[in-house]
Every structure is written in C-alpha cells, then in structure tokens.
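Take a look at the structure set out below.
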Amino acid sequence: LSRYGKIPEQLWKQALDLGMPSGSPLLLVYVSSQRMYLLKGNKVTRQFVVSTSRFGEGNSIDSYNTPTGWHEVVECFGHREPVGRVFRSRKPTSQVISDENLRGRDTGDLILTRILRLGGLEDGKNRNGCCDTYKRCIYIHGTNHENLLGFPSSHGCIRMDNKDILDLFDILSDQHAWCWIGSEHENDTIAGM
C-alpha cells in the first residue's frame, strides 16, 4: 500500500471537497493494477484484487468499458443470499454456483453473490446523457471467473472474489459509500483538481 504514497489522502480530500460525508467509506479502484482499496477515515483498511473491463476505460454507453471518475454506491442487492447465487436483472434466480465452479468452468459472464450498483457523480463524464454509469448498469459484483481476477476481463463491471464481495457488502451495509475509478498515472491531475 505504501506504493501509493499520498494518493489516498489526495483522493480523500477531493471526495470531501465534492461533498462526500466525512464518515463515509471510500472505494478506490485502480484499473492499471486491478486493485481496489477500502478507505475509512482516510486510512486503507482493506485491499481487494478485482477485474475491470477487458475493453479498457471509458464512459460511453454500449462501450463495455469500465467507467472512470467519481461514483457512489446507489443500490445494493443480495442481502442474505448464499455465496454463488446467480442474479439476472438484479434479481436472484434459483441457480447457485458451487465453489468448485467459481473459477471459469462456465464460459458465461455471471453476476453472483452480491451487487453494489454504481451511479456517476460527474455530469457529462459519468452521469446523464450518453455516459451515464447508472443507466449502463455498472456494478461491483461477484463472479464465476475468479481465476481471471487481477486481469482486465469483465464487460465493464468490477468483478470480485465472491467471499470478498460478501465481506465488502457487509462492511458497507447501511453506509453511504463513494467510489473513485481510475489509474495511478492520473494522480498528478487528481492532485491538481
């Protein structure tokens, strides 16, 4: 974590300047390293290996890119569902993927266990018009491709290990969480905003 130096502090300050409540948890998703960090009170408390889009970063509808910039977790789905529960259109199905089938045996791109739906906070970048993260249905969610975590492989969402998304969901329960998505090389721009 020391590799990121003062970056969390800069992002934390920017989030507060943009209106994030000071007691809120903040998720930082670094696309270039395929890592997500959970900050509470400007301290990194957890680190997760994730997968963002294999098509890269971008905010346009129908691009299959992972959107960048400031977001908030606006909806949560899956409370009390078992690990491996399959969701379609954010609704639980009767299907549950077993532990031994969470590492890519099924070639489909399934949404499993829990869903944290993101909404963009930056008009013209990731909110409203042809770049709206919420309308694009971008989630942080469990995956049936845990073997691909650490590599860009999703269709725009942020994939997580199913036990990790379960833990994160419980940590964020009943809290207003914000999320920043970007790359480490953007730090100079972020610091100067």
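Bear in mind these aren't lab numbers, they're just calculated from the coordinates by the rules spelled out. Values in this document were obtained by computation on a predicted structure and should not be read as measured data. Please note: Cβ atoms are built from the backbone with ideal geometry, for glycine as well, and neighbour counts cover all protein chains shown.
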TODO: With springs connecting C-alpha atoms under 10 Å apart, model the chain as a Gaussian network and identify which of Ser22, Ser51, Ser89 has the largest mean-square fluctuation.
DONE: Ser89
Open item on the list: Based on alpha-carbon atoms only, what is the radius of gyration of region 8-107 relative to the globular estimate 2.2 N^0.38 Å?
Closed with: 1.29
TODO: Pop the C-beta distance of Ile61 and Ser98 into the FRET formula with R0 = 41 Å and round what comes out to the nearest 0.05.
DONE: 0.75
Task: Antiparallel DSSP beta bridges within the chain, percent to nearest 5 - done: 75
- [ ] Please express the shape of region 73-157 as an equivalent ellipsoid: the semi-axes are the square roots of 5 times the eigenvalues of the C-alpha gyration tensor, given largest first in whole angstrom.
- [x] 25, 15, 9
TODO: Count the lysine pairs in region 34-193 whose Cα atoms lie under 21 Å apart, taking only pairs 8 or more positions apart in sequence or on different chains.
DONE: 4
Task: Highest-fluctuation residue, Thr52, Thr68, Thr93 considered, GNM on the chain with Cα pairs under 10 Å - done: Thr93
Open item on the list: Rounded to the nearest 5, what % of DSSP beta bridges with both residues in region 85-144 are antiparallel?
Closed with: 90
TODO: Please give the FRET efficiency for Arg88 paired with Leu18, using the beta carbon to beta carbon distance and R0 = 41 Å, rounded to the nearest 0.05.
DONE: 0.75
- [ ] Working from the alpha-carbon coordinates of the chain, get Rg over Rh, Rh being the Kirkwood radius.
- [x] 0.95
